[in-house]
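Below is one structure, written out as structure tokens, with a few remarks after it.
Please treat every number below as a calculation from the coordinates, not as lab data. Fair warning: this is a prediction, and the values are worked out from it, not measured in the lab. All Cβ positions, even for glycine, are placed from backbone atoms using ideal geometry, and neighbour counts span all protein chains on display.
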Amino acid sequence: MAAPARRAPGTKVELADMFTLPHELNALAQGNPRVLYAMLFAAASETLIGFGANPRWLGGEIAATLVLHTWGQTLSQHLHVHALVAGGALSNAGDWIRARRGFLFPVKALSVVFRGKFLATLGEALTCARFTLLGGTAALGEPRAQRTLLANLRKHPWVVYAKRPFAGPEQVLEYLGRYTHRTAISNERLVAFDANSVRFRYKDYAHAERRKTMALDAEEFLRRFTLHVLPRGFNRIRHYGLLANRNKRALLASARAALGADAPASTAAPTESVIAFWQRIAHLDIQRCPQCHLGTLRVVAVLAPQPHPPP
């Protein structure tokens, strides 16, 4: 039965969602990161937009932001996108449709649709030879190997995790914001290194998030780290629905009118310094000495770039 459309006095971030690819696709992603990541964005966003447009759940256009992550705590490949979705949708009539009792979309159904959309696109890309297939993926140039891969990926449920941010949207945005301008590992997690190995801290989520230390050979550390370097120019933060750049201004104005919300103040804020930005986003004092963590770094000289002599 379709959910009744209701005017909401306000809205909030209602769903913190994560769409994850099976590890069987890691090798294919290593040789074709731009293609695989774009497919991941497309499958996840189309799934969310489709559920939002379905009158059974909302029946309007949602607002969503997706952020790509490629790493786990030990720098292993863990390909997934995080999605922040508003707790409602804008109907064609200009009304705001609120989710029922804080419930947005059924996670099991999201998983099935997401898997179907991604595998349909993957099958087409394999058939049309859109991938570079080398080394361990070279066999996927054969139709039989392609069918086997797709069948194996279809056998098991895919991980789609969703939860309501009980602490409020501000905390969710702050949490995700700490990762939008970072790469796979921060300096604070590095414990020690030498010419042969690197030691770093990580959270073991399989054992109650216990903090542990891992040591890797230098070459293995670098191999894992470079897995998470994005293709040049690839956008890892993307907006959809009401937040898409195409009609964002008009759609957000309609959403504010439906919610009775005021437009944001147009006064220009003072330019934020780099030091203040990192303190606000990552709670990181970039002036603090990275060795003793006590002293304050000071600029003593600015060196102009020097041209390199020809080889």
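Key figures for this structure:
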{"quantity": "Dipole magnitude (debye, nearest 20) for region 119-253, charges at Cβ of Lys, Arg, Asp, Glu", "calculated": "500"}
{"quantity": "For region 185-226, with +1 on Lys and Arg beta carbons and -1 on Asp and Glu, the positive-most of Y205, L216, A195 along the dipole", "calculated": "Y205"}
{"quantity": "Theoretical ellipticity at 222 nm over the chain - DSSP helices of four or more residues, -39500 (n - 2.57) apiece, nearest 500", "calculated": "-10500 deg cm²/dmol"}
{"quantity": "Charge dipole magnitude, Cβ of K and R +1, D and E -1 - the chain, Cα centre, debye nearest 20", "calculated": "660"}
{"quantity": "Under 18 Å, Cα to Cα: Lys pairs in the chain, sequence gap 8 or more or different chains", "calculated": "7"}
{"quantity": "Residue order, fewest to most surrounding Cβ atoms within 10 angstrom, among L216, L36", "calculated": "L216, L36"}
{"quantity": "Residues with amide H under 5 Å from that of L79, placed H, sequence gap 5 or more", "calculated": "L21"}
{"quantity": "Span-like helix ranges in the chain, DSSP H, alpha carbon extent 27 angstrom or more, Kyte mean at least -0.5", "calculated": "33-53, 107-127"}
{"quantity": "Options C292, I275, A250, ranked by Cα towards positive dipole end of region 228-297, top entry (Cβ charges)", "calculated": "A250"}
{"quantity": "Exposure proxy ranking, count of Cβ atoms within 10 Å, fewest first, for S45, S197", "calculated": "S197, S45"}
{"quantity": "Neighbour-count ranking [beta-carbon atoms within 10 angstrom, fewest first] of W96, W57", "calculated": "W57, W96"}
{"quantity": "Taking the chain and dividing mean pair separation by its residue count, relative contact order in percent (alpha carbons under 8 Å, at least six apart)", "calculated": "23"}
{"quantity": "Dipole of the chain [Lys/Arg +1, Asp/Glu -1 at C-beta], most positive-end residue of A29, V85, L303", "calculated": "V85"}
